[in-house]
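Colleague: Quick one: this structure, given as structure tokens, is what I'll be asking you about.
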Amino acid sequence: MRTSRTGRAGQYLALLAYLLFLALPFLWLISTAFKPPRELGSLHPTWIPKDPTLANFRQAFDEQPLLHAALNSLIAALGAALIAVLLATPMAYVMARRRTPLARAATGWVVVSQAFPLVLLIIPLFLVLKNLRLINSVPGLIMVYVVWALPFALWMLVGYVRAVPPELEEAAAVDGAGRVRTLVSVTAPLLAPGIVATALFAFVTAWNEFFFALVLLKTPEKQTLPVVLTHFIGAEGVADLGPLAAAAFLATLPSLVVFAVIQRRITGGMLTGAVKS
């Protein structure tokens, strides 16, 4: 019993250390965003600003078109998440239910494709978008984000589909439900947490993406928020630290809000209420 309690305490301490490791950079970012210039240049920085100010936020909005860039990021992220989920859901169902060699090969290829670096993908994607005349456009960027997010989204949804017992679909068929009715009324509701989690992954990935947006978007009015954040760094590599921290803090809020809103659906049980009484 004592060994079990010691092991559990060690697990909690390791989890707490990991949470602190993740939280400290974000807390320092918030602290920096509210510090006046004289505190930013202090040789003895503090966690809590002695004289908090909103001047960094006002300066960030005055210097760069953050709202317009955020709108571009929102359109790209929402579009990529929606299309990736719409494409991945039926594909994942087929791959999970059809245990054929082709399905297993496709699953393996999905996993292997995640090892490819971005540099290998940008040239063929650039040529394809050039032929389609979608360079320097948000729709073209959405296509790239879908290509990048689809393999991992497919891999996630395959796992969720396999967790749904086939017996539930068989029971629905016995009750007289057709194939489409079974998928819509039985399988789809049970996959809702997985679909939501996959959409969240695709949204956050597209919202935070920088490399593709930097290469494909040239005009300032088309650039996304991560690209605009680099404009706070001067030609000599010196960052305007206060406005940069304020803009970066605002850029992280949508991901946090989206996760806070739907995290209950993600952590909810997939099969709650699935069994007939």
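The values are calculated or read from the model by the stated rules, or taken from the named source; none is laboratory data. The structure displayed is predicted, hence computed values, not measured ones. Virtual Cβ from ideal backbone geometry, glycine too; neighbours counted across all protein chains shown. Note: accessible area is taken over every heavy atom of the protein model, side chains too, but ligands, DNA and RNA are not part of it. Shrake-Rupley method; radii C 1.70, N 1.55, O 1.52, S 1.80 Å.
Colleague: Among (1) over 30 Å from Pro193 (Cβ atoms); (2) touching a helix residue (DSSP H, G or I) at 6+ places or on another chain (Cβ under 6 Å); (3) assigned to a helix (DSSP H, G or I), which single condition is Val110 missing?
Modeller: (1)
Colleague: Mind telling me which of the residues Val94, Val138, Val158 ends up being closer than 30 Å to Asn72 by Cβ and in the same structural domain as Thr224 (by the TED database)? Reasoning before the result, please.
Modeller: Numbers: Val94 fails: closer than 30 Å to Asn72 by Cβ; Val158 fails: closer than 30 Å to Asn72 by Cβ.
One residue alone meets the criteria, Val138.
This table checks each residue for (1) under 30 Å from Gln223 (Cβ atoms); (2) open to solvent by less than 60 Å² (accessible area, probe 1.4 Å).
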residue: Ser73; (1), (2): yes, yes
residue: Ala92; (1), (2): no, yes
residue: Val119; (1), (2): yes, no
residue: Asn131; (1), (2): yes, no
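Colleague: Something else: Among the numbered criteria (1) surrounded by 16 or more Cβ atoms within 10 Å (Cβ to Cβ); (2) over 18 Å from Ile195 (Cβ atoms), which single criterion is violated by Met156?
Modeller: (2)
Colleague: Looking at region 28-43, which of its residues are among the aromatic types (Phe, Trp, Tyr) and in a helix (DSSP H, G or I)? Before the answer, list the steps.
Modeller: Narrowing region 28-43 to residues among the aromatic types (Phe, Trp, Tyr): 28, 34.
The answer is Trp28, and nothing else.
Colleague: Something else: What is the one condition in (1) open to solvent by less than 80 Å² (accessible area, probe 1.4 Å); (2) in contact (Cβ under 8 Å) with a residue 60 or more places away in the chain that Leu78 does not satisfy?
Modeller: In the conditions (1) open to solvent by less than 80 Å² (accessible area, probe 1.4 Å); (2) in contact (Cβ under 8 Å) with a residue 60 or more places away in the chain, Leu78 misses (1) alone.
Colleague: May I pose another question? Looking only at region 44-85, how many residues end up being assigned to a helix (DSSP H, G or I) and farther than 30 Å from Pro151 by Cβ? I'd like the intermediate steps shown before the answer.
Modeller: Kept after step one, since they are assigned to a helix (DSSP H, G or I), are these residues of region 44-85: 55-63, 66-85.
Checking which are farther than 30 Å from Pro151 by Cβ leaves us with 55-63, 66-68.
Going through region 44-85 one residue at a time, the tally reaches 12.
Yes or no, residue by residue, for (1) in the same structural domain as Ala88 (by the TED database); (2) modelled with pLDDT of 85 or more; (3) farther than 30 Å from Pro151 by Cα; (4) not in a helix (DSSP H, G or I):
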{"site": "Thr205", "(1), (2), (3), (4)": "yes, yes, no, no"}
{"site": "Leu214", "(1), (2), (3), (4)": "yes, yes, no, no"}
{"site": "Lys218", "(1), (2), (3), (4)": "yes, yes, no, yes"}
{"site": "His231", "(1), (2), (3), (4)": "yes, yes, yes, no"}
{"site": "Ala235", "(1), (2), (3), (4)": "yes, no, yes, yes"}
{"site": "Ala245", "(1), (2), (3), (4)": "yes, yes, yes, no"}
{"site": "Thr252", "(1), (2), (3), (4)": "yes, yes, no, no"}
{"site": "Ser255", "(1), (2), (3), (4)": "yes, no, no, no"}
{"site": "Phe259", "(1), (2), (3), (4)": "yes, no, no, no"}
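Colleague: Related question: Name the residue that is modelled with the highest pLDDT, counting only residues in region 3-29 that are within 21 Å of the chain's Cα centre (by Cα) and either open to solvent by less than 50 Å² (accessible area, probe 1.4 Å) or of a type in the set (Gly, Ala, Ser) (or both). Give the steps one after another, and end with the answer.
Modeller: The initial filter retains those residues of region 3-29 that are within 21 Å of the chain's Cα centre (by Cα), namely 18-19, 21-27, 29.
With either open to solvent by less than 50 Å² (accessible area, probe 1.4 Å) or of a type in the set (Gly, Ala, Ser) (or both) added as a condition, the list becomes 23, 29.
Values: Ala23: 82, Leu29: 88.
Top of the filtered list is Leu29.
Colleague: Restricting the first residue to region 40-67 and requiring it to be surrounded by 11 or more Cβ atoms within 10 Å (Cβ to Cβ), which pairs with a second residue that is in a loop (DSSP other than H, G, I, E, B) and of a type in the set (Phe, Trp, Tyr) meet a Cβ separation below 9 Å and a spacing of at least six or different chains?
Modeller: Short answer, once both residue conditions are applied: Pro49/Phe34; Pro52/Phe34; Thr53/Phe34; Asn56/Phe34; Phe57/Phe34.
Colleague: Follow-up question, since we're still on this one. Taking the residues in region 198-215 that are more than 14 Å from Ala80 (Cα to Cα) and touching a residue at least 60 places away in the same chain (Cβ under 8 Å) as candidates, determine which candidate is surrounded by the fewest Cβ atoms within 10 Å (Cβ to Cβ). Talk me through it step by step, then tell me what you get.
Modeller: Within region 198-215, the first condition is being more than 14 Å from Ala80 (Cα to Cα), and the residues that meet it are 210-211, 214-215.
Checking the rest, the ones that are also touching a residue at least 60 places away in the same chain (Cβ under 8 Å) come to 211, 215.
On the way: Phe211: 15, Val215: 17.
Step by step, filter region 198-215, then rank; the result is Phe211.
Colleague: Would you mind telling me which numbered condition in (1) open to solvent by 40 Å² or more (accessible area, probe 1.4 Å); (2) of a type outside the set (Phe, Trp, Tyr); (3) at pLDDT below 80; (4) out of contact with any helix residue (DSSP H, G or I) (no Cβ under 6 Å at 6 or more places or on another chain) Ala177 fails?
Modeller: It fails just one condition, (1).
Colleague: In addition: Tell me yes or no: at least one residue of region 72-83 is small (Gly, Ala, Ser), out of contact with any strand residue (DSSP E or B) (no Cβ under 7 Å at 6 or more places or on another chain) and not assigned by the TED database to the domain that holds Trp148. I'd like the intermediate steps shown before the answer.
Modeller: First, the residues of region 72-83 that are small (Gly, Ala, Ser): 73, 76-77, 79-81.
Within this subset, residues satisfying the condition of being out of contact with any strand residue (DSSP E or B) (no Cβ under 7 Å at 6 or more places or on another chain) are 73, 76-77, 79-81.
Imposing the further condition that a residue be not assigned by the TED database to the domain that holds Trp148 reduces the set to none.
So far as region 72-83 goes, no, none of its residues is small (Gly, Ala, Ser), out of contact with any strand residue (DSSP E or B) (no Cβ under 7 Å at 6 or more places or on another chain) and not assigned by the TED database to the domain that holds Trp148.
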